[in-house]
Amino acid sequence: FSVCLVLRFVGPTDNIYSCSFVQMLEQRLENAYDEAQDKVLETYSRLTVEIQSVFQEPGSPSVTLVYVVRNQDAILNGTISSGLLNQLTAELVGYFLFYPPMVIAEPICFAFRVTDLASTVQPTINGD
């Protein structure tokens, strides 16, 4: 049910692991989902976004966000969530987020990748 969004880059002074950064992006994503609903749906419901994880490869400017979208108490299917946001252009999603996206929204599952130092959860794009 999770969705993956990859930002092309964030500013060097942005602390991607801070609560304020995550909350800011949740609000901006909610605004983008509002716009997508206005564009494609005849009905409107308030969708909320909960970012579950933020990941950045060492030395890479790109940042991966894994999140879920809720419609009141129900979590939306990742395919539905990603399909809705993908109705917007990359430029429009970037406008709402203030960061250019490399991947707008893809449904994901998790695969575990073992590194030399520790085991980390790495998102893998391949469906719900």
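What follows draws every value from the coordinates through simple rules; no lab data is involved. All of these numbers come straight from a predicted model, not from anything done at the bench. Ideal geometry is used to build each Cβ from the backbone, glycine not excepted, and the neighbour counts take in all protein chains shown.
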- One would report the Cα pair-distance distribution of the stretch 2-125, bin width 10 Å, in %, as 13, 46, 32, 8, 1, 0
- Gain in span if fully extended, Q27 to T43, counting 0.36 nm per residue against the direct Cα distance: 3.7 nm
- Looking only at Cα atoms, what is the convex hull volume of the stretch 1-59 per residue, in Å³? 108 Å³
- Query: When a footprinting reagent is the concern and you count Cβ atoms within 10 Å, what order do Y44, Y95, Y67 take, fewest first?
  - Reply: Y44, Y95, Y67
- Item | For the stretch 34-100: Kirkwood Rh in Å [reciprocal of mean 1/r, alpha carbons] | 13.3 Å
- Message: Quick check: residue separation of M102 and Q87 times 0.36 nm, minus the Cα distance between them. What number comes out in nm?
- Response: 3.9 nm
